[in-house]
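No value in this document is a laboratory result; all are computed from the given coordinates. From a predicted model like this one, the values you see are computed outputs, not experimental measurements. FYI the Cβ positions are ideal-geometry reconstructions off the backbone, even for glycines, and counts take in every protein chain you see.
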Amino acid sequence: MKKLLSVLVLLSVVVPASAQRDAVSTANGIDLLITGGAVVTMDGERRIFDNGFVAIRGERIVEVGNAAQLKAKGYRAKQTIDARGKVILPGLINTHTHIPMVLFRGIADDLNLQDWLTKYIFPAEAKNVTREFVVAGTRLGLAEMIRGGTTTYADMYYFEDAIAEETKKAGLRGVLGETVIDFPVPDNKTWAEAMSYAEKFIQRWKGDSLITAAIAPHAPYTVNTEHLNEVRALAEKLDAPIIIHLAEAPTETEFMAKTYNSRPATYLEKINFLSPRVLAAHVVHVNDEEIATLKRREVGVAHCPQSNMKLASGTSPVPAMLKAGVRIGLGTDGAASNHDLSMWEEIDSAAKLHKLIANDPTVVPAAQALEMATIGGARAIHQEKEIGSIEKGKRADVIIVDLNAPHLTPVYNFYSHLVYAAKASDVSDTIVNGRVLMRNRRLLTMDEDAVKASAREYQKRVSQSLKP
């Protein structure tokens with residue numbers, strides 16, 4: 001018996017050398033290794049590794065650190081990206097878009113919000129928006145975002161299932177909300193149809209690694225109380241996010257006062273609509289009490305400084321919201337109001353606008369502005385456990401910014417350079433969920449020439465539709 005036990009013990013500890021090598025190879029085998037660049041992690045400690053690396057296996061980050069740590073790990077990578085002279089960042093998060101509206105870029109400018117919407121945008125949508133239009137616009141917007149280093153975006157529009165399909169194909173991450181509103185729109189002509197569409201849309205994408213399907217009531221002034229209550233009930237039933245415009249302009253505040261004897265954010269609180277599943281876009285006209293409510297209810301806020309400035313909607317009290325601990329990220333809004341989907345312009349504008357309004361150059365410093373576009377944006381969409389920073393275990397959403405351009409030379413401070421000097425065109429590589437979508441400025445998941453050709457065709461149609 002003792003002899004048998006001895007043999008069993010020996011067999012359990014003696015492993016062939018080849019098997020040992022295979023085990024080490026498996027443990028150290030990774031899919032993608034990014035080396036040599038400065039890693040700006042945006043983690044809780046705000047660590048920066050000047051000569052760092054990011055190791056990726058499958059959809060997740062397995063390690064981040066410096067060159068000395070990399071040498072000790074002995075990783076065997078299927079693909080390696082040399083990022084010397086570059087910055088490695090978490091992907092940017094655009095917390096508010098209407099992506100197909102890139103096809104309406106420039107159709108109406110220098111107008112107040114009410115005229116812009118009612119005299120131009122709503123009529124243009126009624127005459128032009130079809131599923132095919134949405135597909136063409138989505139593809140164009142996706143190409144623009146990949147080129148600019150946006151890896152996640154929150155959207156609200158029509159035919160959102162088509163947007164989800166195109167987003168999945170291109171490889172981006174999206175929180176995508178089917179818009180519901182109290183009048184006929186391109187994809188659904190009645191409220192009942194819209195709600196049925198939204199429910200099927202949400203159920204279809206449940207559990208997807210890239211797409212989070214949501215429902216998006218347009219705004220408190222375009223969706224009545226009964227319907228908002230239905231939206232909340234559906235979102236609770238399906239455990240889905242809600243995206244809504246909130247307190248965007250003075251005209252909205254006036255309408256809500258006359259109709260409901262309440263301010264927009266206060267009204268949503270009164271009807272028990274606000275909760276951690278809500279992402280509210282713009283949030284310009286809120287007072288201190290409402291800011292406290294947004295914090296208490298854990299509502300995400302999408303700050304869109306350039307759109308707000310261009311439409312003269314007002315200035316969101318972002319410093320007060322940041323101080324209160326509100327979950328706040330940055331958004332571009334649709335390109336019809338802002339003209340582009342560049343998060344770099346929003347980061348720069350957010351930092352500068354609030355300094356001007358506060359008459360204080362220390363307000364919204366560079367690091368805080370970059371935070372709103374990364375981990376802050378992740379908090380706003382309630383996905384900070386998965387994305388927004390470069391950390392072990394998180395989704396591998398990573399971008400690389402080339403610092404070789406004249407406007408980025410020399411470098412003294414990574415945060416200030418990225419916020420005040422970097423442009424979308426400085427992004428060299430975009431990686432989402434471990435998949436390389438752009439390498440050395442070349443799109444890998446989309447035919448850019450075909451996308452642009454299709455968009456140009458729609459320019460002719462839209463122009464014709466706007467003629468009296």
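Could you state the angle between the C-alpha long axis of helix 131-148 and the longest principal axis of the C-alpha atoms of the chain, as a value from 0 to 90 degrees rounded to the nearest 10?
50 degrees
How would I328, I211 line up from fewest to most surrounding beta-carbon atoms within 10 angstrom?
Working: I328 26, I211 23.
Listing I328, I211 from fewest to most nearby Cβ atoms yields I211, I328.
For the cross-link pairs K168/K452; K323/K423; K295/K385; K127/K206, which exceed 30 Å when the distance is taken from alpha carbon to alpha carbon?
Numbers: K168/K452 19 Å; K323/K423 28 Å; K295/K385 19 Å; K127/K206 32 Å.
Going by Cα-Cα distance, K127/K206 fall outside the 30 Å limit.
Two-decimal Rg/Rh of region 118-274 from alpha-carbon positions, Kirkwood Rh?
Across region 118-274, the Cα-based Rg/Rh ratio is 0.97.
Y420: net charge of surrounding residues, Cβ under 14 Å, Lys/Arg +1, Asp/Glu -1, itself excluded?
Net charge around Y420: -1.
Helix 343-358 sits at what angle to the longest principal axis of the chain, using alpha carbons and giving 0 to 90 degrees rounded to 10?
The answer is roughly 60 degrees.
If you find the alpha carbon centre of region 392-468 and of region 263-329, how far apart are they in angstrom?
Centre-to-centre (Cα) distance: 28 Å.
Per the Cauchy relation, a quarter of the hull surface: what is the mean projected area of the convex hull of the alpha carbons in the chain, in nm²? Intermediate values should be presented prior to the final figure.
Working: hull surface 109.0 nm².
Its Cα hull, projected and averaged over all orientations, spans 27.2 nm².
Can you compute the helix-only [θ] at 222 nm over the chain? Use -39500 (n - 2.57) per DSSP H run of at least 4 residues, normalise by all residues, nearest 500 deg cm²/dmol.
Value at 222 nm, helices only: -12500 deg cm²/dmol.
Can you grab the distance from the C-alpha centre of region 103-127 to the C-alpha centre of region 203-251, Å, no decimals?
After rounding, the separation between the Cα centres reads 23 Å.
Using a Förster distance of 51 Å, how high is the FRET efficiency between R439 and Y412, based on the Cβ-Cβ distance and rounded to 0.05?
0.95
Could you pull out every residue, at least 5 positions away or on a different chain, whose amide H is within less than 5 Å of the one on T80? Hs are placed 1.01 Å off N in the peptide plane, and Pro or chain starts have none.
L33
Can you give the angle from 0 to 90° between the axis of helix 2-13 and the longest principal axis of the chain, with both taken from C-alpha atoms, to the nearest 10?
50 degrees
Under the Karplus relation 6.51 cos²θ - 1.76 cosθ + 1.60, θ = phi - 60°, what is the ordered set of whole-Hz ³J(HN,Hα) values for region 417-426, x standing for Gly and Pro?
Values per residue, Gly and Pro as x: 5, 5, 7, 9, 10, 5, 10, 4, 6, 7 Hz.
To the nearest 0.05, how large is the calculated FRET efficiency for E457 and R84 if R₀ is 45 Å and r is the Cβ-Cβ distance? Don't jump to the answer; show the numbers that get you there.
Numbers: r = 42 Å, r/R0 = 0.93.
Once rounded, the FRET efficiency stands at 0.60.
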